[in-house]
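Structure first, then comments.
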Amino acid sequence: MSCPIPAGFHALPLPIVQLSLAAVLKCGQSFRWSIFPLSSGPVPPSHPTHEYRLCLRDRVVCLRQSPDTLYYSTVLPTRDQHASSTIFEEEKVRKETLDWIRDYFQLDVDLLHLYNDWSQRDPVFKSFRDRFEGIRMLRQDPWENLISFICSSNNNISRITKMVTSLCEHFSPPLLSLPPPELYSDSSASSLLSPPATPLSERPLSQSQQQEDMSTERSLRTYHPFPSPAALASSSVASILRSLGFGYRAEYVQKTAQMLSEAHPPKSEDDDSAERYLRTLRDMSTGEAREALLGFMGVGRKVADCVLLMSLDKKEVVPVDTHVHQIAMRYYGVSSGSKARSNGKIPMTPKIYDQVNAKLAEVWGDYAGWAHSVLFTADLKSFSTYGLDIPTPVPASSVSDLFTGLPTPPITPSPSPTKSRGKRRKAAVLVPETSISAKEESTDEIIQDDSSLSLAERVKKRRRVTILAKR
DNA sequence: CCTCGACCGCCT
DNA sequence: GGCGGTCGAG
């Protein structure tokens with residue numbers, strides 16, 4: 001039994017092994033997708049189970065997915081009351097959205113090929129690949145990506161999502177409103193065959209239609225684009241963000257926005273030169289782009305690497321967090337750095353960061369950052385904590401469980417730290433005997449001339465010098 | 001250079 | 001106490 005195309009949607013043939021929306025849109029790359037279940041009960045395996053929506057600058061993109069097809073539709077804001085869109089215009093809009101989808105999901109990249117390559121390179125990857133199909137890197141907007149990950153420090157996906165949502169609602173005007181998609185079970189079983197009546201065509205909603213929904217539908221949801229740099233740049237923003245629960249990240253977000261929009265001021269009302277500047281980092285080397293990012297407030301190595309990987313096309317970059325560090329020590333022969341805290345945790349020093357980064361880049365190759373994303377998503381803790389619902393044939397309760405039965409490297413205790421404060425060290429501290437390959441520093445041309453640097457880059461010049469001196 | 005504590009807020 | 005860190009002082 002095949003799945004009929006939902007009303008208002010268009011079909012793009014796409015095997016689930018190439019893209020799993022359920023995994024990718026909730027694994028902590030983007031924090032702005034709305035997710036709606038399409039049924040309160042069981043759904044035929046050939047049918048989409050959820051609808052996913054994202055508000056862009058000028059439209060809301062809606063997606064559904066079955067095992068072999070991606071369904072997409074576009075909702076535009078209300079235009080002129082009397083304007084009725086022509087078939088030609090609708091087709092243009094559809095194509096724009098399709099182009100956006102291809103770019104955003106980087107559909108030109110053959111994920112199956114990558115999975116095969118990683119499996120060949122790495123038995124660890126091979127052992128769990130089947131449980132986490134279709135996990136690929138999004139190509140996000142750099143500005144949104146940067147701000148979102150400034151918010152991510154010392155934080156969890158759940159709260160980051162709330163903060164980003166709040167950011168959009170408070171600093172960006174509403175684009176349009178929509179009711180949630182109709183549930184399969186809301187109407188008769190026939191709804192399975194001809195899904196929703198919700199206005200999800202390329203046709204703009206009529207004003208009256210929106211107003212009517214506004215008064216009758218309590219669950220109507222309003223969509224806001226991501227705010228512009230200028231909207232977050234004023235100094236008053238910081239205190240507002242504080243009151244919105246951003247904590248110490250409030251200053252980071254506002255300062256970064258200010259740095260960016262002062263260095264790249266809008267020439268006109270509708271100019272986005274600051275955002276355009278960030279996009280130019282795609283054309284720079286990884287090293288150059290990283291230095292530029294490190295200049296912003298609240299951006300350290302980890303956040304910079306996330307942005308490099310997730311929106312600046314630096315596919316080889318592997319962001320290192322505590323989870324990745326643990327895994328690298330346990331399975332990839334990276335040393336613990338010989339120092340453990342009294343609570344058993346290993347501090348993440350710049351040196352360790354580079355070691356982990358270099359090792360995983362070596363193991364996974366050109367697309368190491370993409371492989372990292374699969375591994376990170378595979379971290380069950382994220383799943384259980386944030387309610388992700390990716391089907392996993394083998395239930396596991398921790399990352400370690402994912403690797404049971406592997407040809408894991410031999411494990412030996414690491415040498416006792418000189419000052420262990422009498423505390424027992426945890427198993428996670430154990431490291432394999434495998435020798436750690438000397439890190440091969442990658443690439444990285446260095447900018448010498450100050451005058452060529454943006455304001456953002458100059459502000460943290462001291463840090464830059466420090467970091468550059470390491471190379 | 002490197003190490004360390006503080007930092008918001010929300011959750012266990 | 002912990003969290004997919006970063007900053008600034010020592």
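The values are calculated or read from the model by the stated rules, or taken from the named source; none is laboratory data. Quantities reported herein were computed from a predicted structural model and do not represent experimental measurements. Cβ placement follows ideal geometry from the backbone for every residue including glycine, while neighbour counts extend to all protein chains displayed. The area values use the complete protein model at the heavy-atom level, side chains included, leaving out ligands, DNA and RNA. Shrake-Rupley method; radii C 1.70, N 1.55, O 1.52, S 1.80 Å.
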- Message: For a quick check of your reading: which helices (runs of 4 or more DSSP H) sit entirely within the range A:99-164 and have at least 2 residues that are more than 20 Å from A:M297 (Cα to Cα) and in contact (Cβ under 8 Å) with a residue 40 or more places away in the chain?
- Response: A:111-121, A:123-128
- Item | Breaking point among (1) within 16 Å of DNA strand B (Cβ to nearest atom); (2) more than 23 Å from A:N154 (Cα to Cα), for A:H264 | (1)
- Message: For the range A:138-148, give me each residue that is under 28 Å from A:H113 (Cβ atoms) and within 11 Å of DNA strand C (Cβ to nearest atom).
- Response: A:N145
- Answer yes or no: is there a residue in the range A:287-303 that is farther than 17 Å from A:V374 by Cα, away from DNA strand C (no atom under 16 Å from the Cβ) and open to solvent by less than 20 Å² (accessible area, probe 1.4 Å). yes
- Among (1) out of contact with any Ser or Thr (no Cβ under 8 Å at 6 or more places or on another chain); (2) under 25 Å from A:L312 (Cβ atoms), A:Y52 falls short only on (1)
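Conditions (1) of a type outside the set (V, I, T); (2) in the same structural domain as A:T161 (by TED's automatic domain parsing); (3) touching a Ser or Thr at 6+ places or on another chain (Cβ under 7 Å); (4) open to solvent by 30 Å² or more (accessible area, probe 1.4 Å), marked per residue:
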position	(1), (2), (3), (4)
A:P15	yes, no, no, yes
A:L19	yes, no, no, no
A:V24	no, no, no, no
A:G41	yes, no, yes, yes
A:C62	yes, no, yes, no
A:Y71	yes, no, no, no
A:D80	yes, no, no, yes
A:I87	no, no, no, yes
